[in-house]
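The values are calculated or read from the model by the stated rules, or taken from the named source; none is laboratory data. Remember, it's a predicted structure, so these values are computed and weren't measured experimentally. Don't worry about glycine lacking a Cβ; one is built from the backbone with ideal geometry, like all the others, and counts go over all protein chains shown. For the accessible areas, the whole protein counts, side chains as well, though only heavy atoms, and no ligand, DNA or RNA atoms are used. Shrake-Rupley method; radii C 1.70, N 1.55, O 1.52, S 1.80 Å.
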Amino acid sequence: MIEFDRVTKRYADGSPAVADVSFTVPSHKTVVLVGSSGSGKTTLLRMVNRMVDPTSGRVLIDDVDVTTMDPVRLRRSIGYVLQSGGLLPHRTVVENIAIVPRLNGATRPDARERALTMLDTVGLDRDLASRFPAQLSGGQQQRVGVARALASDPNILLMDEPFGAVDPIVRRSLQHELRELQRTLGKTILFVTHDIDEALALADEIIIVAAHGVIAQRGTPTEILTRPANAFVAEFVGVDRPERRLRLADAAGVEVVTDASGRPIGTLER
Amino acid sequence: MKWLNQNVGSLLELTVAHLALAVPAILLSLVIAVPIGWTAQRLRWARDPALALVGVLYAIPSLPLFVLVPVVLGIGIRSSANAIIVLTVYATAIMVRSAADAFSSVPLEARMSATAIGYSTWHRFWSVDLPLAIPVMLAGLRVVVVSTVSLVTVGSVIGIPSLGTLFTDGFQRGIVAEVAAGLIVTVLIALVLDGMCILAGRALTPWARAAEAR
Ligand SMILES: Nc1ncnc2c1ncn2[C@@H]1O[C@H](COP(=O)(O)OP(=O)(O)OP(=O)(O)O)[C@@H](O)[C@H]1O
Ligand SMILES: [Mg+2]
């Protein structure tokens with residue numbers, strides 16, 4: 001469990017990036033922070049692995065204050081996926097993934113073997129193992145980033161807009177795969193995104209963040225969609241958008257779901 | 001041609017002497033400049049003063065320095081040590097700037113992600129910052145190589161043996177072939193060392209070509 005306890009972060013210049021924020025990420029759940037640019041999501045995420053230390057307040061992992069832990073060892077025990085993968089450009093795919101087990105003390109052959117297994121896990125061909133990141137597509141880089149984060153089997157996974165740099169179709173399939181993975185792995189995931197649809201697709205719980213990390217609402221995807229707490233959330237979720245207002249129509253005996261303007265989306269199964 | 005036939009031995013000897021001054025100075029400058037450049041990149045406030053200081057070094061005329069260094073350090077004016085120190089000063093002046101630029105050129109994203117997955121600062125320096133700085137650093141090193149090889153010849157004016165000795169001697173005795181030989185071999189050495197830098201750079205940065213080939 002990750003717990004944010006009245007956390008505030010003030011950077012050197014001026015107003016707080018995050019002001020008095022408290023929430024928890026339950027073990028084995030996926031919590032998605034969603035909010036507009038500059039609302040402090042990355043700042044919150046980085047407090048978990050001590051890339052950023054809070055100005056006041058505490059972040060606890062299983063009831064232990066992270067500031068009492070050695071930052072380097074803490075980071076090695078947590079998976080971190082950055083936007084556009086964050087791969088090291090001078091290391092091959094297999095080396096990039098093997099880094100984390102290596103840092104955790106695995107022998108070179110073991111780490112390599114582990115890395116190749118991780119390629120299978122994230123659905124990448126082993127033929128890509130000896131390529132450099134620049135020789136991969138954006139979607140492939142993202143998968144390698146996920147593989148690397150999972151390579152030493154951490155309990156906690158931090159994901160900062162990991163699928164932000166790929167096109168919507170690839171993003172959809174990466175989201176799908178992450179959900180499948182999570183079903184078997186059961187990690188504690190804190191995930192950051194701009195994209196409310198991504199949040200709805202992945203989250204056990206969504207936290208909608210307004211400016212300075214202030215929590216506008218937290219709830220399951222269904223709660224957020226059906227009972228937005230205020231106008232800010234309603235606007236953010238786009239409850240009035242045509243694609244959120246679905247209707248049922250009859251097409252020659254088949255029940256069709258359409259959006260508000262009557263465009264078909266799918267058929268209804270009862 | 002006749003001069004060359006009679007003096008192959010001394011030409012070789014002077015070439016070796018030339019290299020024995022240039023190469024240590026080049027390597028020393030690299031060893032000195034890398035930590036300074038890295039620190040300048042990490043401590044933003046230190047960058048400009050550090051670069052200004054090494055800039056001033058470069059502005060000192062070389063001949064007076066060849067005379068001043070032995071006086072200050074109490075070493076022989078015609079010693080190799082004197083030549084190597086003076087050459088290192090100029091080489092370092094160029095190399096520090098280039099090392100600072102090289103470390104700034106390392107993508108922030110790569111540095112961030114290295115830290116995030118649990119590299120210590122020291123480990124990150126060797127495994128991430130330094131290798132990714134190589135391409136820019138190499139461009140600076142090539143300038144240093146060529147300028148140092150040519151600067152060595154100035155030492156011959158005060159009697160430090162190098163290929164420059166062929167200029168001074170040939171000039172005094174009016175032997176054009178000797179001057180020409182000195183000039184040509186100096187340029188050849190510069191070209192060969194430069195070529196070695198390029199090859200070393202290729203060998204050390206396989207990822208750079210992989211990115212281009214895409
Ligand atoms: N290192 C830093 N120094 C100073 N200010 C910073 C720093 N990092 C972030 N900030 C500021 O803190 C605020 C929150 O930034 P943060 O990166 O956490 O937002 P975010 O929600 O992740 O935004 P985005 O969705 O654009 O990634 C912003 O106003 C930003 O300018
Ligand atoms: Mg962010």
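In the full protein context, the stretch A:115-247 carries 44 Å² of accessible surface per residue, based on a 1.4 Å probe and ignoring ligands, DNA and RNA.
Computed over Cα pairs, the Kirkwood radius of the stretch A:2-237 leads via Stokes-Einstein (1.002 mPa s, 20 °C) to a diffusion coefficient of 118 µm² per second. Note on A:M69 and B:S120: their simple-model spin labels are 1.9 nm apart, each label 7 Å out from Cα toward Cβ.
For chain B, the longest principal axis of the Cα atoms and the long axis of helix B:2-42 meet at an angle of about 30 degrees.
Summing Lys and Arg as +1 and Asp and Glu as -1 over all other residues whose Cβ lies under 14 Å from the Cβ of B:S29 gives a net charge of +2. Computed from Cα positions, the angle between helix B:176-204 and the longest principal axis of chain B comes to roughly 20 degrees. As an exercise, use a Förster radius of 56 Å and the Cβ-Cβ distance of A:D120 and B:E13 to find the FRET efficiency, rounded to the nearest 0.05. Calculated transfer efficiency: 0.35.
Dipole orientation for the protein assembly as shown: of the candidates B:G159, B:L53, A:P264, B:G159 has the Cα lying most toward the positive pole (charges on Cβ; Lys, Arg +1; Asp, Glu -1). Overall size of the protein assembly as shown from C-alpha positions, given as principal axis extents largest first: 109, 51, 45 Å.
Other residues lying with their Cβ under 14 Å from the Cβ of B:G201 contribute a combined charge of +1, Lys and Arg counting +1, Asp and Glu -1.
Computed with every protein chain present, the accessible area of B:R42 is close to 120 Å² [probe 1.4 Å]. For A:I78, the accessible area of its heavy atoms, probed at 1.4 Å with every protein chain present, is near 10 square angstrom. Across the stretch B:39-63, the residues whose backbone nitrogen lies under 17 Å from the label position 7 Å along the beta-carbon direction of B:L73 are B:57-58, B:60-63.
What the Cα atoms of chain B give is an Rg and a Dmax of 20.1, 67 Å. Once you reduce the stretch B:144-159 and the stretch A:79-133 to the center of their Cα atoms, the two points are 48 Å from each other.
For the pair the stretch B:1-46 / the stretch A:187-252, the C-alpha centres are spaced 64 Å from each other.
A compact globular protein would have a Cα radius of gyration near 2.2 N^0.38 Å; the ratio found for the stretch B:147-194 is 1.08. Taking A:E180, B:E212 and ordering them by how much accessible surface each has at a 1.4 Å probe, largest first, produces B:E212, A:E180. In the stretch B:98-142, the residues that give up 30 Å² or more of accessible area when the other protein chains are added, compared with the chain on its own (1.4 Å probe), are B:E109, B:M112, B:S113, B:T115, B:A116, B:I117, B:G118, B:Y119, B:S127, B:L132. When all protein chains stay in place and ligands, DNA and RNA are ignored, the 1.4 Å accessible-area order of B:M196, A:M1, largest first, is B:M196, A:M1. The share of accessible area on chain A that comes from carbon and sulfur is 49 percent, using a 1.4 angstrom probe. The magnitude of the dipole of the stretch A:2-237, with charges of +1 and -1 set on the Cβ of Lys/Arg and Asp/Glu and taken from the Cα centre, is near 520 debye.
Mean separation of Cα pairs under 8 Å and 6 or more residues apart, divided by the residue count, gives chain A a relative contact order of 22 percent. Here chain B is assigned +1 on the Cβ of each Lys and Arg and -1 on the Cβ of each Asp and Glu. Its dipole about the Cα centre then comes out at about 320 debye.
Projecting the Cα atoms of A:L248, B:A116, B:L21 onto the charge dipole of the protein assembly as shown, computed from C-beta unit charges around the Cα centre, puts B:L21 farthest toward the positive end. For the stretch B:44-169, the per residue solvent-accessible surface stands at 43 Å², with DNA, RNA and ligands left out and a 1.4 Å probe.
Between the listed residues A:S84, A:Y11, B:I75, the Cα displaced farthest toward the positive end of the dipole of the protein assembly as shown, a dipole computed from Cβ unit charges relative to the Cα centre, is found at B:I75. Charged side chains reduced to their Cβ positions (Lys and Arg at +1, Asp and Glu at -1) give the protein assembly as shown a dipole of some 820 debye around its Cα centre.
A:S130 contributes an accessible area of around 90 Å² to the protein surface, as traced by a 1.4 Å probe with all chains present. Across the accessible surface of chain B, with the other protein chains kept in place and a 1.4 Å probe, carbon and sulfur atoms take up 73 percent.
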